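**Q** Following this message is one structure expressed as structure tokens.
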Amino acid sequence: MKKRILSMAIAASALGLAGVAQAEVKVGFLGGFTGGIESLTPSIFDGAQLAVQQVNEQGGILGGQTLVMPSGDTTCGDASAASNAADRMVNTENVTAIVGALCTGATIAAANNAGIPGGVVMVSPASTAPAVSELDDNDLVFRTVPSDAFQGEMLAKLVLDQGIDYVAVTYVNNDYGRGLADAFGEAFEAGGGTVAENLAHEDNRADYRSELGSLSASGADTLVVLAYADTSGQTVLRQAYEAGTFTRYVGADGMVGDSLVEAIGADVLEGMIATRPGSPDLPGAELFNAAAEAAGIDPSAVFAAQAYDAAFLLALAIEQNGSAEREGLSAALRSVASEPGEVILPGEWEKAVELIAAGTEINYEGASGTHEFDENGDVPGVVVEMVVEDGRFVTKGFVEP
């Protein structure tokens, strides 16, 4: 008799645990918590988690289930680490979808080795390289940030508008660096500028003095560094300053971190210009900014708004799809992100759930802009000018095409 009671208790406990498991819907997050963008990743993760928090505070997902976000570290630059982290998300955590990865190489490795084989939709808030557009992904890989084909063009315009028409360029030798350098160089020279030297460098090295010698021999006094704030980009800038060979520095989104300024010195980098994807002046940006500030998040942090949009869009798509199953999610994502439909703004989860339940089409207009995904899962976007002033990067305005 005691054995039967015990077995019934165990069965009841198992059912209870199964109920708990079924009460959660998982959307994973893949980020570079260590490596080249480790100082940028926490704010990006915070942006995604803000969307999760709002969903749960407004009744949860799929009839009151809790949305949870397990995370994995890609290290940014290690394809094996990215693949392993993605494999854990897809096959152990059994996530419905993934926000991420962040660095382009990590996104490509994660998608090819786990996301695409597992049928998991991935939305990157930070992978900007054109190579992402070329993935054979079965319509599973999207991004809420514009391609570097656009950012490179805008960076070239910004530099030319500053009266600089002769530069040396060094870029981290990966998909991100190469894609951005190619786009920048083509646009810069089409606009009348000259790239006197264009030199790749490997990430995570201690010494770039040889490369800097070749770059300085070009005679350029402006150095464009397309790399990462916490690894090669930081070392290149420090050694360039120590050599005294350049008088001005230029960067792009991977370099926009106050940790870079703190490491090199505010006086050294004062006046450095850079670009990064930004948020247009739309109602969605204002709502996100207010919610982020209330949550103790810097709304201007690089890619924080794009991460919020990626997470909120995936939650909307899961609700639209009607289950935590992976099948059908990419079509649902395109549906909730596109016209026609009643506009949903950041934070309007309850409203969205009611409309979806009523069979009404919705159109999310987010913190970082509208997300009308093209056939490659890419979006249009805006690029902003950043300048180091008084020891930190500040936004100066949009770079107009």
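**Q** Could you list all residues from region 240-267 that are in contact with a helix residue (DSSP H, G or I) (Cβ under 8 Å, 6 or more places away or on another chain), under 27 Å from C76 (Cα atoms) and not small (G, A, S)?
**A** Matches in region 240-267: Y241, Y249, V250, D253, M255, L260, V261, I264.
**Q** Out of all the residues in region 134-187, which are outside any strand (DSSP E or B) and basic (K, R)?
**A** Scanning region 134-187 gives K157, R178.
**Q** I've got another one for you. Go through A337, A331, A367 for me and flag whichever is out of contact with any Lys or Arg (no Cβ under 6 Å at 6 or more places or on another chain) and either open to solvent by 40 Å² or more (accessible area, probe 1.4 Å) or more than 24 Å from V52 (Cα to Cα) (or both).
**A** None of the others qualify; the one that does is A331.
**Q** Given (1) in a loop (DSSP other than H, G, I, E, B); (2) surrounded by fewer than 17 Cβ atoms within 10 Å (Cβ to Cβ); (3) in contact with a strand residue (DSSP E or B) (Cβ under 6 Å, 6 or more places away or on another chain), identify the lone condition not met by K396.
**A** Among (1) in a loop (DSSP other than H, G, I, E, B); (2) surrounded by fewer than 17 Cβ atoms within 10 Å (Cβ to Cβ); (3) in contact with a strand residue (DSSP E or B) (Cβ under 6 Å, 6 or more places away or on another chain), the lone unmet condition for K396 is (1).
**Q** State the number of residues belonging to region 77-134 that are out of contact with any Leu (no Cβ under 7 Å at 6 or more places or on another chain), open to solvent by 10 Å² or more (accessible area, probe 1.4 Å) and either within 10 Å of G28 (Cβ to Cβ) or β-branched (V, I, T) (or both).
**A** 4
**Q** Just need a number here: residues in region 265-307 that are crowded, with 21+ Cβ neighbours inside 10 Å and within 19 Å of C103 (Cβ to Cβ).
**A** Counting residues in region 265-307 that are crowded, with 21+ Cβ neighbours inside 10 Å and within 19 Å of C103 (Cβ to Cβ) gives 10.
**Q** Evaluate region 340-349: report whether one residue or more is modelled with pLDDT under 95 and open to solvent by 10 Å² or more (accessible area, probe 1.4 Å).
**A** The answer is yes; a qualifying residue exists.
**Q** Of all residues in region 188-211, which are part of a loop (DSSP other than H, G, I, E, B), under 14 Å from V172 (Cα atoms) and open to solvent by less than 60 Å² (accessible area, probe 1.4 Å)?
**A** D203, Y208
**Q** Within region 147-158, is even one residue on the phi > 0 side of the Ramachandran plot, out of contact with any Pro (no Cβ under 9 Å at 6 or more places or on another chain) and either of a type in the set (K, R) or in contact (Cβ under 8 Å) with a residue 40 or more places away in the chain (or both)?
**A** no
**Q** Continuing with the same structure: Mind checking whether some residue in region 91-98 is over 21 Å from A317 (Cα atoms) and within 15 Å of the chain's Cα centre (by Cα)?
**A** Within region 91-98 (the criterion being over 21 Å from A317 (Cα atoms) and within 15 Å of the chain's Cα centre (by Cα)), the answer is no, since none of the residues qualifies.
For every residue, the table says whether it meets (1) touching a Gly at 6+ places or on another chain (Cβ under 6 Å); (2) in contact (Cβ under 8 Å) with a residue 40 or more places away in the chain; (3) farther than 22 Å from T107 by Cα.
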residue: Y208; (1), (2), (3): no, no, yes
residue: S216; (1), (2), (3): no, yes, yes
residue: L226; (1), (2), (3): yes, yes, no
residue: L237; (1), (2), (3): no, no, yes
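**Q** Considering only residues that are over 19 Å from the mean Cα position of the chain (by Cα) and open to solvent by less than 20 Å² (accessible area, probe 1.4 Å), look in region 39-76 and name the one that is nearest to N91 (Cα to Cα).
**A** L67
**Q** Within region 334-367, can you find the residues that are among the β-branched types (V, I, T) and either touching a Cys at 6+ places or on another chain (Cβ under 8 Å) or assigned to a helix (DSSP H, G or I) (or both)?
**A** Matches in region 334-367: V336, V353, I356.
**Q** In region 212-242, which residues are open to solvent by 50 Å² or more (accessible area, probe 1.4 Å) and polar (S, T, N, Q)?
**A** S214
The values are calculated or read from the model by the stated rules, or taken from the named source; none is laboratory data. Because the structure is predicted, anything quoted here is derived from the model rather than measured. Reconstructed Cβ throughout: ideal geometry from the backbone, glycine too, with neighbour counts over all protein chains shown. Please note that ligands, DNA and RNA were not included when accessible areas were found on the heavy atoms of the full protein model with its side chains. Shrake-Rupley method; radii C 1.70, N 1.55, O 1.52, S 1.80 Å.
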